Amino acid sequence: MSNIRRLDNVINNNYNDNKLNAVLNEVLQDIIDYKDGQELNGFSKKLINELFGQLKKRNFIPPVIDIIQVGSTARNTHLKNDYDIDIFVRFEKGTDKELLKNIVLECGKTVIQKLGGKCWVEYAEHPYLSAKVDKYDIDIVPCYKLEWGDKIISAVDRTPLHNEFLINKLKTKYNIELIQDIKLLKKFLKGIGVYGSDLKTKGFSGYLCELLIIYYGGFINLLKESQKWKLGQKIILPDIYKLYNLKDDYEFIDIPNQPLIVYDPTDINRNVAAALGNENFCKFLYYSNLFLKNPSKDYFYDYDAKVAKNINNRDMGELLTLVINRPKNIVEDVIYPQMEKLQNSINVILKEHDFKYIRYGNYADENYCYLSWEFTVYMLPNVHVKVGPPVYYGNRAYQFAEKYDKCFIDGCNVCAFVERKYKTVYELFEDITSNKLNNKIATPKYVVPENAKILNIFKEKYEN
């Protein structure tokens, strides 16, 4: 393969330079296919030309200003076998949203049918068309054309500006090296299970990957520099100061409770890494360190699944999973936050009743939601210590003592031995599924535990 990057000039001598070079060049052989990229570009141009033809035929120019391809396939930062094509139809500001929607759906549907594909309507802030033509997955999205500094009308309006910024940055003389390093980063993040900004994954988006590589100048530089990161790490690209004529001492808006803050060049009040969770942030730091110390292709190929398989190859605690019916047509960005909300609410009750868990997790397939736990024990003794108020609380302490028979003093608190309400964790979950604890559980709209099945397994993406 031509144009494989040698990384000796950027690698710190504390690491095994030769081994890093060998591993990364080997991975690049797997994730780059120049012929496939040429076919994809040819199909994308054909798709855009067909859309233009339909717009002209129906006299829809204006309000349509232009049609552009965006996303990783437009910038050649996609991985091999990634056939996602994002086409944005840009309209004049002020165009009626209903007209905007109808033009894209009407013309898009005609083009997809002409190309022998099938299509359907998806919804964001306004409807857009998704389609499948042969191996290509296509989104045709309406948006307003904005200039730099314009106020965003809808969230998708930023995407063409993202595309413009990145293409300009990748046109430098280091174009090939940066693009290859973006691909390496994406493959690495996929391998360790933290690629994707959806609410199920809580990982790194493709756009975030590209900004990080541009900022740090390469894949290895990013991994090395990330070892200095702490929770709340802030990254501000120098271009932002030029784009918005900001002084060096400009104070950017504080974005609390985020592990990584990367200010968006198209909207300096937005964090590109907003979807990234603390755990995945830390996974990236941890596995980056391991890879630098002992380079291996393993990290790029389903490494998270191998880790899960290894840690599950052990003696287990008590396993329990709630299996809840998943409503149809509810997307994962809604389902996963609701599963998390319900599970966190149940965890509070588990702690109140002294059931300690080693781990917990959730997972959803097309038909069911699975909320799982692994407990240290499933049965507790019948006796339970109820802790009351401190003795110096006066009447409250005496009222507690009058309520319970077997009272004693532990430290400064009045306590009592009482009969435990739930001796086994299954008894507690039976009350949850029979709706007897509904007043204590925050039950989301679409993930309802009533009548759920209780199984003695731990169901997750990588099952035992």
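Would you rank K186, K328, K200 by solvent-accessible area, highest first, keeping every protein chain in place and using a 1.4 Å probe?
These residues rank, largest area first, as K328, K200, K186.
Could you give me the ³J(HN,Hα) list for region 368-384, computed from phi with Karplus coefficients 6.51, -1.76, 1.60 and θ = phi - 60°, whole Hz, x at Gly and Pro?
9, 9, 10, 10, 10, 9, 10, 9, 5, 9, 9, 10, 10, x, 5, 7, 9
What percentage of the solvent-accessible surface of region 136-181, computed with a 1.4 Å probe over protein heavy atoms, is contributed by carbon and sulfur atoms?
Carbon-and-sulfur percentage of accessible area, whole number: 51.
Among [x] 29.5; [y] 21.9; [z] 26.0, which is the computed Kirkwood radius over Cα pairs in Å?
Of the labelled values, this structure produces [z].
Provide the per residue accessible area, probe 1.4 Å, for the chain, rounded to a whole number of square angstrom. Before the final figure, lay out each step's value.
On the way: 23940 Å² over 464 residues.
Each residue of the chain exposes 52 Å² on average to a 1.4 Å probe.
Step through the residues of region 318-327 one at a time and calculate ³J(HN,Hα) from phi using the Karplus curve (6.51 cos²θ - 1.76 cosθ + 1.60, θ = phi - 60°), rounding each to whole Hz and writing x for Gly and Pro.
Residue by residue, region 318-327 yields 7, 9, 8, 9, 8, 10, 10, 4, 9, x Hz.
Roughly how big is the chain's charge dipole about its Cα centre, with Cβ charges of +1 (Lys, Arg) and -1 (Asp, Glu), in debye to the nearest 20?
Dipole size: approximately 240 debye.
At a threshold of 8 angstrom on Cα-Cα distance, excluding pairs fewer than six apart, so keeping six or more, what relative contact order does region 251-383 reach in percent?
Details: 120 pairs, mean separation 27.6, N = 133.
Relative contact order for region 251-383 comes out at 21 percent.
Out of region 226-283, which trypsin sites (Lys or Arg not before Pro) are coil in DSSP terms and have no more than 11 other C-beta atoms within 10 Å?
K228, K230, K247
Counting pairs of alpha carbon atoms under 8 Å apart in space and at least six apart in sequence, what relative contact order in percent does region 41-115 give?
Averaging sequence separation for qualifying contacts and normalising by length gives 36 percent for region 41-115.
Using a 1.4 Å probe and counting only protein heavy atoms, arrange K406, K445, K224 so the residue with the most accessible area comes first.
K445, K406, K224
Just need the relative contact order of the chain here, percent rounded to a whole number, with Cα pairs under 8 Å and 6+ apart.
12 percent
Loop sites only, by DSSP: take the GluC sites (Glu not before Pro) in the chain that have at most 15 other C-beta atoms within 10 Å and name the longest stretch containing none of them.
It runs 252-365.
For region 1-140, with only Lys/Arg (+1) and Asp/Glu (-1) charged at the beta-carbon, what is the dipole magnitude about the Cα centre, in debye rounded to 20?
For region 1-140, the charge dipole is close to 500 debye.
Given N438, H162, L28, which one lies farthest toward the positive end of the charge dipole of the chain, if we put +1 on the Cβ of every Lys and Arg and -1 on the Cβ of every Asp and Glu?
L28
Tell me which of Y363, Y336, N16 sits at the most positive position along the dipole axis of the chain, charges placed on C-beta atoms (Lys, Arg +1; Asp, Glu -1).
N16
Of L208, I68, Y392, which is farthest along the charge dipole of the chain in the positive direction, counting Lys and Arg as +1 and Asp and Glu as -1 at C-beta?
Positive-end residue among those listed: I68.
Over region 306-378, what percent of the accessible surface lies on carbon and sulfur atoms, probe 1.4 Å?
Exposed carbon and sulfur together represent 49 percent of the surface.
Which cross-chain or sequence-distant (5 or more) residues have an amide H under 5 Å from the amide H of K93, H modelled 1.01 Å from N in plane?
K145
Indicate the helices, whole DSSP H runs only, in the chain that combine a mean Kyte-Doolittle hydropathy of -1.0 or more with a Cα extent along their long axis of 27 angstrom or more.
Helices meeting the span and hydropathy rule in the chain are 34-57, 332-352.
The values are calculated or read from the model by the stated rules, or taken from the named source; none is laboratory data. All values derive from a computational prediction rather than experimental measurement. A quick note on method: Cβ atoms are made from the backbone with ideal geometry, for glycine too, and the neighbour counts reach across all protein chains shown. Areas reflect the complete protein model, heavy atoms only, side chains present, ligands, DNA and RNA absent. Shrake-Rupley method; radii C 1.70, N 1.55, O 1.52, S 1.80 Å.
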